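Since the structure comes first, as structure tokens, the remarks are kept for the end.
Rule-based calculations on the coordinates, nothing more; no lab input. None of these values were measured; they are calculated from a predicted model. Cβ: placed from backbone, ideal geometry, glycine included. Neighbour counts: every protein chain shown.
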There are 2 protein chains.
Amino acid sequence: MAHARSEPDTLSALLRHIAARSAVTRATLAQQTQLAPSTVSQRVEVLLAAGLIVEDGTAPSRGGRRALQLRLNPDAGLILTADLGATRAMLAVSDLNGQRLTRTIADVTINQEPQQILGWVDQRFGALLAEAGRDAGQVRAITIGVPGPVEFSTGTVVVPPLMRQWDGFPVPAYFEDRYPAQIFVDNDVNLMALGEHQQHYPEVKHLLFVKIGTGIGCGIIIDGRPHRGVKGSAGDIGHIRLPDSDAQCWCSNSGCLEAVAGGRALAERLQKEHGCTVTNARDVTRLAAEGDQRVVAEVRIAARHVGIVLAALVSFANPEIIIIGGSLAQLDETLLAGIRAVVYERALPLATRSLHIETSTLGEEAGTIGAISLAQEQILSPSGVTKLLGTHLRPPRLP
Amino acid sequence: MAHARSEPDTLSALLRHIAARSAVTRATLAQQTQLAPSTVSQRVEVLLAAGLIVEDGTAPSRGGRRALQLRLNPDAGLILTADLGATRAMLAVSDLNGQRLTRTIADVTINQEPQQILGWVDQRFGALLAEAGRDAGQVRAITIGVPGPVEFSTGTVVVPPLMRQWDGFPVPAYFEDRYPAQIFVDNDVNLMALGEHQQHYPEVKHLLFVKIGTGIGCGIIIDGRPHRGVKGSAGDIGHIRLPDSDAQCWCSNSGCLEAVAGGRALAERLQKEHGCTVTNARDVTRLAAEGDQRVVAEVRIAARHVGIVLAALVSFANPEIIIIGGSLAQLDETLLAGIRAVVYERALPLATRSLHIETSTLGEEAGTIGAISLAQEQILSPSGVTKLLGTHLRPPRLP
């Protein structure tokens, strides 16, 4: 049900207009939002008083005067992001404009007590803040990406196959007392999908991001927004069963896509059946890139199976673009070509007519870009702005 | 990007509030939309002058006076709907409130020249209008449902496997000169999904409606809205390939879900392999319901294959509810039980934890209810209201 605009709606709309452009005048804002110029002026004062925006420079105006330009105030606060994968993590500090101030990459083993991992994250956040010459009091938003299903509304990890000790753990509670910030938790592949969408395909409405690394997962953008499903498990395609396989999966089922085509399964098979010296997805990628024919052959089989599942998803969801990411995605010719061949052969002609299947060009950065983008989107939303402005907001009009 | 409200936005919001309730006062509207009371009064006058709403009766008011109640004016216009399936059609005349005035059901063979079918539809519309004592000049919206993919924005049928002569045919153009109406065209299964959603599950965000009749298709509701995909082919799951089948499909591929589990395929197999006297999906349903063991056995196999595909879609989309419709859906114990067994066994536990799989209770009505609901939703949208009001709208404010 559509509603007319409340105070937070209006402020949110203005902030988003200001954030989307490098600079904008009050007159342009009024024109673009169709709000009365007096309303715009009044609300802009609220945002200026709260320090969320600044005015600087001058813009050409129709009259002789030069109009002042409004910008998001990069110093109004900081965004912390931790993109936690199964074995790697990227942590970063950014300003409200999404400009990264500093970052770090490290190896992690996610399958530990959440307190242990989050304690480490918090410690690294502290070090990064110190490095950037900022402090915890300036943090306005935190995004944590995890390699498992998340109930987005509460930031709770739910029945994660990869990080079982996190089941039911409410991540925001861990950071609440440490930072004056809004805290968002999402699945790592959802963040990668958001990152690709925001960076390269903002105009695309329906996009799938398929990560093929240790495991296999899919981030879904429908109608320009992340689709997480009713329990946050949407996109969990790694355990879709391939009817013509009975490969044993570590999840205890058999015939899962991940058990045939995931980096972990590939490495295990190459070790056992071919005696290759590989321990993880990155080793598989390296050997295939070096031209090891045993590895290339296994990757080809993997590509075929990923293609079978994606063909079904293309018929179902009719997306405009599929981005292949994760460490194995670097194997363009072997992996991407194999996936494409099967999808174009098997999915409906109408659904593949304008379908693009591409390799991610953001690499390890995708999740962090998505995490920053999610934080911006959320804190500029009406409810985010309400929290951000706090006492600067007028009390709501009485009925 | 969010925008503040323009004139059509405001009018659309008010109309939707009025339509969603049986009656509402100006004061309640102001409260619910958070618009200024003066704005509400002014816009209500526009809607009254245009005859879209009426005021009648009195409601208890806080003061001594009794406030006038506003309602959508059922006499402001008519909605025509034609839900065209592969072999059956339901046509109806309704008022703007969605109240059906009259309807008819008939057998059709959709695979003919579109002009021929639409000529027949137009003739029936005329007869129904006469029956209701109304005329073509009162029609404000028309929804046509067809059993094939539709580019929703233009109402063009695109590469339909079942009705090849319709490829590229712009349906709205056929009716444009005949009625002063906005014309919407959608896939028939999308309309069934909308109908179930609107009638029984308005609070459910993510819903799949799977029609198992002559063919197999899926209507998708994501975030409370229909998901049609980039080319309008979303939900076309009938031709997802089952890797463990090589059944020849009439679409010229092999191993399609529809070739194993669709009513047409079932009927053909029962004829050829068992010598049963069946010609279509309804015959199959009848014989299975009568307990013919050859038919029941085939339906069980069909259920298993539908379940395999749905398990994958549940892992991918994480819906809250799946509704099984179409003529075979009446076979609750055989079909529904079989589908459920496979989905709960194969899909991710987190995704099935709160998943419901039910049989449609709307039967043949689902598509028509969805078609009426689509028409209402569209004509009460900002762009629909703009067209509906025409000259009653104020000219847009100059920049």
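Okay, here's what the table says:
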quantity: Shortest-first nm distances, residue A:135 label point to equivalent points in other copies (7 Å, Cα→Cβ); calculated: 8.0
quantity: Alpha-carbon gyration tensor eigenvalues x 5, square-rooted, for segment A:214-283, Å; calculated: 28, 14, 8
quantity: Simple Cβ-charge dipole of segment B:202-362, Lys/Arg +1 and Asp/Glu -1, about Cα centre, in debye nearest 20; calculated: 300 debye
quantity: Kyte-Doolittle mean at least 1.0 and Cα axial length at least 24 Å: DSSP H helices in chain A; calculated: A:293-317
quantity: Relative contact order computed over segment A:275-399 (Cα-Cα under 8 Å; 6+ residues apart), in percent; calculated: 25 percent
quantity: Modelled FRET efficiency - R0 22 Å, residue B:21 with residue B:135, Cβ distances, 0.05 increments; calculated: 0.15
quantity: Cα-projected label distance for residue A:251 with residue A:223, points at 7 Å along beta-carbon direction, nm; calculated: 2.7 nm
quantity: Kirkwood Rh (inverse of mean 1/r, distinct Cα pairs), segment A:42-189, angstrom; calculated: 16.9 Å
quantity: Neighbour-limited loop hits for GluC sites (Glu not before Pro), segment B:172-245 (at most 13 other Cβ within 10 Å; DSSP other than H, G, I, E, B); calculated: B:203
quantity: Prolate/oblate/rounded label for the protein assembly as shown (Cα gyration tensor, a/c 1.5); calculated: oblate
quantity: Convex hull of Cα atoms in chain A, direction-averaged projection (nm²); calculated: 22.7 nm²
quantity: Listed residues B:326, B:38, B:380: farthest to the positive end of the dipole of chain B (Cβ charges); calculated: B:38
quantity: Residue A:6/residue A:173 FRET efficiency (R0 30 Å; Cβ-Cβ; nearest 0.05); calculated: 0.55
quantity: Label-to-label distance, nm, for residues given as residue A:104 and residue B:386 (7 Å Cα→Cβ offset); calculated: 5.3 nm
quantity: Segment B:298-399, dipole about Cα centre (Lys/Arg Cβ +1, Asp/Glu Cβ -1), debye to the nearest 20; calculated: 560 debye
quantity: Relative exposure of A:169, A:184, judged by other C-beta atoms within 10 Å (fewest first); calculated: A:169, A:184
quantity: Estimated distance in nm for a label pair at residue B:293 and residue B:279, the labels positioned 7 Å out from Cα along Cα-to-Cβ; calculated: 2.9 nm
quantity: Rounded to 5, percent antiparallel among DSSP beta bridges of chain B; calculated: 60 percent
